[in-house]
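Okay, so here's the structure we're looking at.
The values are calculated or read from the model by the stated rules, or taken from the named source; none is laboratory data. In this text the structure is predicted, and so the values were computed from the model without any measurement. So basically every Cβ, Gly included, is an ideal-geometry build from the backbone, and we count neighbours across all protein chains shown.
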Amino acid sequence: MAGATARPKRRRGSVEELPSGALRVSVYAGIDAVTGRRHYLREVVPAGPKAASEAEKVARRLAAQVDERRNPRTATTVDQLLDKYLETLDVGVTTHRTYTKYLTKHVRPFIGRTKAGALDADALDSLYAELRRCQIHCRTRGLVDHRTPRPHSCDERCRPHQCLPLSASTIRQIHFVLRGAFAKAQRWRWVSINPVEFASPPGAKTPEPQPPSAEEAARIVDEAWRDPDWGMLVWLTMTTGARRGELCAIRWSDLDLDEGVLNLRRSIRQDETRTVEKDTKTHQHRRLTLDPETVALLGEHRARAEERCTELGIELNRRAFVFSRDPAGKSHLLPGSVTQRFSRMTARLGIDSHLHCLRHYSATELIAAGVDIRTVAGRLGHSGGGVTTLRVYAAWLAEADQRASTKLAARIPVRPPATDALPRAMTNPRTPREVLAAELRDMVVAGGIGVGDHLPSIKALAAERDLSVSTVHRAFELLREWGVVAGPPGERPTVLAIPVPVAVGESASGPGLDSPESPTAEGDEAADGELVELEVRRRGEVVARLSTIADPRDGGELRELLLGVVERAGGAESDLGQYEMDVRRPGGEVILTFVAARRRRR
């Protein structure tokens, strides 16, 4: 309607001034999903000259969260969230009890009254720091660690309290429980984000299983067999790697001695108040094949049980427990008692081990025997297709891998013996630089290039042979190594000596070099020489290695060879005293070490 006054837009929420001068902003967010009451988003703006404008911004931000449905739908506390989470959690009885105990003892006293939507990563990191400080969360001095929670008279076993941290694995379990609870809350839209995702729990400890050695395992078995029933339990633990609770829960109906199969379906769980029979840890039904010796021992164990029942005038039931203190097998052993008996036995033997180490022993022996990791994981009852097995027994897998590489190397054909690269390049050149170096050497042998003459220029050879300049450079370096040419790098080298020709296809140490059948053995001055390898050192540091034809008995010739190396290195004749040269035959045998004597001045 023309001329009508526009109605002012209604502001969402309210602003209340507190006695301190701060402003509390409240925005209506609907009905609380848990309590059914009106739910408000509230935030306090500190007092200041711009408090009013900041309060307007906060109100708009909170209203936008409500409009976009990003706001928490409830003002419930962490305690209320954990109660709801534990009600809906679908896990085993013992797992549920363990989670409840952890939350009651280590979480609720610290952050239980905090609103779930206000919890942040900072508060969680502070909680984890407290758990790492002391596992009983002591607050006063003068506490005493008592030997028992029951009424008693304190003695030397009751000592002053020492703060011990909660184990990293327990803190990580608490972290995973909180993460699951807040993930559920996020799906229920109780909270907008999962703050546990941003917290930093302690890192997982690297598993360090310590199985007994073969000698220790033999001593343990020998000691256990003093009591045949106890020896059977220790033997079965060692051969199957089953958990202690699984072994205590085995019934005769789980054993098929004719087929040699053990079925693991149940486990005994023992806590502070009671003992229950439940599923296995990973809720898996495992069928383990037993070796013939174990089957025979179990047959003897059953015969002993039947004999005891016959003496009492009763029949051994198929549902009877295999390991029991009751002659009729109506009750199972307690896992804790089995562990304590094993620990006392190993202590008498002077062996630092516990019952779970037999499980490690079974796993490591299977890996050492070459059993694949999935089969090992299946026998141990590890979930994840072998991921846990790989993580726990990584060191033994590495050792098995080393043994596998040794076995593989033993089956690979032996490689051919190594040959000297320099004579091979002379007689059978393969690369362009070797071909060029061999052709230039043949030209020197044929007299096309005389002693003291320069080799053709690098650019000319590169253009003539259609090669790169670097290839020609490397061909000249190869000629220097052969002792054919000399001269400082960067200049055209000159022919140093006429080398003895080597027939293509003949080895450098075969006929043609030092045998009487050599075509140059008569009437050739170089025939007195032989192929030698030279290693030149200056003050102990190797500066050059080369092969050439020389007479190791000719000191003058060796001096000239050494001088050529020194000059190529930028030195002069006066520096010869700083060098020494090993003369070797092909194959490594040292003929002599040559040191040039100084010439006297006249």
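Couple of notes before you dig in:
- The condition of being in the same structural domain as L236 (by TED's automatic domain parsing), assigned to a helix (DSSP H, G or I), charged (D, E, K, R) and in contact with a Leu (Cβ under 7 Å, 6 or more places away or on another chain) holds for only one of E306, E293, E311, that being E306.
- Filtered residues of the range 424-471 (kept if part of a helix (DSSP H, G or I) and among the charged types (D, E, K, R)): R424, R433, E434, E439, R441, D442, K459, E464, R465
- Every listed requirement among (1) part of a helix (DSSP H, G or I); (2) surrounded by 11 or more Cβ atoms within 10 Å (Cβ to Cβ) is met by E87 save one, (2).
- Residue within the range 266-289 that is modelled with pLDDT of 90 or more and in a loop (DSSP other than H, G, I, E, B) present: no
- Search result, residues across the range 555-584 that are touching a residue at least 60 places away in the same chain (Cβ under 8 Å) and surrounded by 15 or more Cβ atoms within 10 Å (Cβ to Cβ): L561, G564, E567, R568
- Yes/no for I351 being assigned by TED's automatic domain parsing to the domain that holds R269, of a type outside the set (K, R), in a loop (DSSP other than H, G, I, E, B) and closer than 29 Å to E223 by Cα: yes
- From the options L316, L312, residue that is under 20 Å from A249 (Cβ atoms) and either surrounded by 16 or more Cβ atoms within 10 Å (Cβ to Cβ) or free of Cβ contacts under 8 Å to residues at least 60 places away in the same chain (or both): L316
- Between R391, R348, R379, R325, the distinction of being within 18 Å of L233 (Cα to Cα) and either buried (at least 19 other Cβ atoms within 10 Å of the Cβ) or in contact (Cβ under 8 Å) with a residue 24 or more places away in the chain (or both) belongs to R379 only.
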